[in-house]
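Participant: Structure below; questions to follow.
The values are calculated or read from the model by the stated rules, or taken from the named source; none is laboratory data. Here the structure is a predicted model, which means the values were calculated and not measured. In this analysis, Cβ positions are derived from the backbone assuming ideal geometry, glycine residues included, and neighbour counts consider all displayed protein chains.
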Amino acid sequence: MTNYNSLFNRHFASSERLKNRAKQRVPKFSYEYLIEGCMDDIGLCRNRQAFDSVKFTPQYIRPNSTPSLKCELFGKLYSAPFGIAPIGLQGLMWPNAPVILARASYEHKIPFILSTVSSESLERISEVSQGTAWYQLYNPTDPAILSDLLSRLTSAQYQHLVITIDVPTFGLRPRDFHNGLAMPPKLNVKNIWQAILRPNWSLSTLRYGLPKFKNLEPYIDTDNKKLELTEFMNTTTMGPLDFDSVKRIRDLWPHKLIIKGIMSESDLQKAIKLGADGVILSNHGARQLDLGEATLPLLGKFSSYQDRISLAIDSGIRSGVDIASACGLGAKFCFLGRFFMYSVCALGNEGANHAIYLLKAQMMQVMQQVGANTLKDLCGKVELSITPRPL
């Protein structure tokens, strides 16, 4: 059995410690872009409240055995039931972050989902991940852009396409407005001073350059230097997503199709009707709808669909304990975004490996405590009972 406890940095053995370290190493505008939710951050609190309401039932009088974290998804065996969720502008938070994460995902045999608005190109990430990365797609307003993106994905040998459906509007995030976040980021006096206070970030940024939407560079009007991030997303990358538009993508894409952003039973039923291979129950990390429901309770509500489609989950997951909780409640797979970025921001090139080892160590500890030899054994050992409390 691999001793994961000896493989991660003991000084940063929790999400909170990584988050605090990240805050010390990146400029304020980058850090706040990473941590914030929509409007008043009520959704962020709800996501965490759900995971904090889980209770495990341990089983101690039993034969000693070694748990296995391995998980099969879409015909592929992964080393653990978690992967790296798509995050836009990762290079704004830590330079070269997409490459760091994609390389580690390949080495550890877990999936990495590249965002449409990543700071690294899909071609480069395919190369780094040896063709194992997934791609997250916002529906472009221009059919020609969609066609070209799908052609590039095919040429780069992508096998998994993740359609994000929860952006009919772009989330209103007060900190971004206050910080003047645009693409490329505005180098105003305030932001320059914040960058000067973080020399490691600044020197690394000088090496790799200011982050850009590399997947979308061929389609961006370079003459409009003042295009706000919100405006760019709304006018270029987020076309309407009704049943017919998703079906059109399904018909064009011959490989695995996953729909991300499912929060209602009606959307789940439509995803099945559309022929999706899987869905990700997601509220976009509470960055889109502040008063939306947390994702974890949906696993119980949708349990009758588990034999018809693969149910994955993201939003609010901060540890291996949370992953074990979700698996015990019926999730086939879990995706984490902020946690991995906290780790890369805190530890640089070593951050991705640290995060993966830490999550595995935390999962193993829980499974050994409750007597679960496999992920399926977690079912029946987890109870979710959310007691409303002030947010």
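Participant: Of all residues in the range 92-106, how many are in contact (Cβ under 8 Å) with a residue 40 or more places away in the chain and either at positive phi or not polar (S, T, N, Q) (or both)?
Facilitator: 10
Participant: Follow-up. Check SER126, SER105, SER147, SER68 and return the single one that is assigned to a helix (DSSP H, G or I), more than 25 Å from MET263 (Cα to Cα) and over 20 Å from the mean Cα position of the chain (by Cα).
Facilitator: SER147
Participant: Still on this model: From the set of residues in the range 268-320 that are β-branched (Val, Ile, Thr) and without any contact (Cβ under 8 Å) to a residue 60 or more places away in the chain, which is surrounded by the fewest Cβ atoms within 10 Å (Cβ to Cβ)?
Facilitator: Going through the qualifying residues, I end up with ILE272.
Participant: Across the range 1-26, which residue is farthest from HIS178 (Cα to Cα) among those that are buried (at least 17 other Cβ atoms within 10 Å of the Cβ) and either polar (S, T, N, Q) or at pLDDT below 95 (or both)?
Facilitator: The extreme case among them is TYR4.
Participant: Within the range 159-178, can you find the residues that are assigned to a loop (DSSP other than H, G, I, E, B) and not charged (D, E, K, R)?
Facilitator: GLN159, ILE165, VAL167, PRO168, THR169, PHE170, GLY171, LEU172
Participant: Out of PRO140, PRO174, I need the residue that is loosely packed, with under 15 Cβ neighbours inside 10 Å and not aliphatic (A, V, I, L, M). Which one?
Facilitator: Step by step, each of PRO140, PRO174 is checked, and only PRO174 is loosely packed, with under 15 Cβ neighbours inside 10 Å and not aliphatic (A, V, I, L, M).
Participant: Limited to the range 37-74, what total is found for residues that are modelled with pLDDT of 95 or more, farther than 30 Å from ALA133 by Cβ and of a type in the set (Asp, Glu)?
Facilitator: 1
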